[in-house]
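First the structure, in the form of structure tokens, and then the observations on it.
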Amino acid sequence: MTQTEIERAEKKVAQAKARLQALKARASTKERKLDTRRKIILGGALLERAERGDEAARRIIADVTTTLSRKADQSAFDGWVLRKTTDEGKP
């Protein structure tokens, strides 16, 4: 093998590694987005049940919001009140 052939092979290996790294990054981003979407859907469903009077859902929300450890998370719920709606979705 000549030096040029070795350099070309090394370049191909480097390009393949870069493509692999990009694929892994895209897969990781996609999984994070899906995880976030699931959390939003679950949280919305839990809130809806609590607002319709489901006591188990209300207890879960109360427990979670009163035991948050991070100050930034706690401040998101400052002054927040869980509203209660009728079956028609009206407050």
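The numbers here are math on the coordinates, done by the rules we state, and not lab data. These numbers come from a predicted model, not from an experiment. Heads up, the Cβs are rebuilt from the backbone with ideal geometry, glycines too, and the neighbour counts pull from every protein chain shown.
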Item checked: Degrees between helix 55-66 axis and first principal axis of the chain (Cα, 0 to 90, nearest 10) -> 60
Checklist line | Amide H within-cut-off set for T85, under 5 Å, with H built and near neighbours excluded | finding: R52, G53
Note to self: Helix-only mean residue ellipticity at 222 nm, the chain, DSSP H runs n ≥ 4 weighted -39,500 (n - 2.57), per residue, nearest 500. What is it?
What the structure shows: -25500 deg cm²/dmol
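Subtract the Cα-Cα distance of K24 and T65 from 0.36 nm times their separation in residues, and report this length gain in nm to one decimal. Could the numbers behind the result be given before it?
Working: separation 41, 0.36 × 41 = 14.76 nm, distance 3.49 nm.
11.3 nm is the gain from fully extending K24 to T65.
What percent do you get for the relative contact order of the chain when only Cα pairs under 8 Å and 6+ apart count?
Dividing the mean separation by the residue count of the chain yields 21 percent.
Net charge near R38, counting Lys/Arg +1 and Asp/Glu -1 over other residues with Cβ under 15 Å of its Cβ?
On the way: positive: K30, R32, K33, R37, K39; negative: E31, D35.
In short, +3.
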Notebook entry, point to check: Once both axes come from the Cα atoms, what is the angle between helix 3-51 and the longest principal axis of the chain, in degrees from 0 to 90, rounded to 10?
Noted result: 10
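Stick to Cα atoms and the Kirkwood definition of Rh, then tell me Rg/Rh for the range 3-73. Don't skip to the answer; put the middle values down first.
On the way: Rg = 23.5 Å, Rh = 16.3 Å.
Ratio of gyration radius to Kirkwood radius for the range 3-73: 1.44.
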